[in-house]
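Asker: Before we start, here is the structure in question, set down as structure tokens.
Readers should treat all values here as calculations from the given coordinates under stated rules, not as data from a laboratory. Note that the coordinates shown come from a computational prediction; the quantities given were computed from them, not determined experimentally. So basically every Cβ, Gly included, is an ideal-geometry build from the backbone, and we count neighbours across all protein chains shown.
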Amino acid sequence: MMATLGAKLTRIENGHVDIEAPILAGSLQQQGYAHAGLTFAIGDSATGYSALSLLPETHEVLTTEMKINLLAPGKGERLVARGRVIRPGRRLMVVQSDVFAIQDGKESHIALLTGTMIPVDLSKT
């Protein structure tokens, strides 16, 4: 999905990940703004990678629940999702991301995602 959207990881720290994606012609909605699907996809991925950054290499994560609040239209050249872990847990991890539209170097907060991830130990599957 990330490759399809042209998205890239731009920051990786323990519990924090940023993802940037261009607003391409194929990711626009009918009024010319970034489609909510693009916003959700990079926001969800940023939270997932932020959760993954706190886990051993034998683990992956799955989204178990994710809520999005769309705050403003995604207008600009690209979107940036800043994901973080709110509460790491053994069974569930509470995560959050903020998504910003970048236009002419200025950020506009366009979405807030809050959800939970479940760690999956691949060595036990």
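Asker: Nearest 0.05, what FRET efficiency do Gln103 and Lys8 give at R0 = 25 Å with Cβ-Cβ as r?
Answerer: 0.85
Asker: Rounded to the nearest 0.05, what FRET efficiency do Gln29 and Glu65 have when you use their Cβ-Cβ distance and R0 = 22 Å?
Answerer: Efficiency, from the Cβ-Cβ distance: 0.35.
Asker: Inverting the mean 1/r over all pairs of different Cα atoms, compute the Kirkwood radius of the range 8-72 and quote it in Å.
Answerer: One decimal place: 13.2 Å for the Kirkwood radius.
Asker: Another one. Which whole number of Å³ per residue matches the convex hull of the alpha-carbon atoms in the range 64-113?
Answerer: Convex hull of Cα atoms, per residue: 69 Å³.
Asker: Let me ask something else. In percent, what relative contact order does the range 2-124 have, based on Cα pairs under 8 Å that are 6 or more apart in sequence?
Answerer: Relative contact order, the range 2-124: 27 percent.
Asker: Would you please report the Å³ per residue occupied by the convex hull of the alpha carbon atoms in the range 1-122?
Answerer: 96 Å³
Asker: For every helix of n ≥ 4 consecutive DSSP H residues, a contribution of -39,500 (n - 2.57) applies; sum these over the chain, divide by its total residues, and give [θ] at 222 nm rounded to the nearest 500 deg cm²/dmol.
Answerer: -5000 deg cm²/dmol
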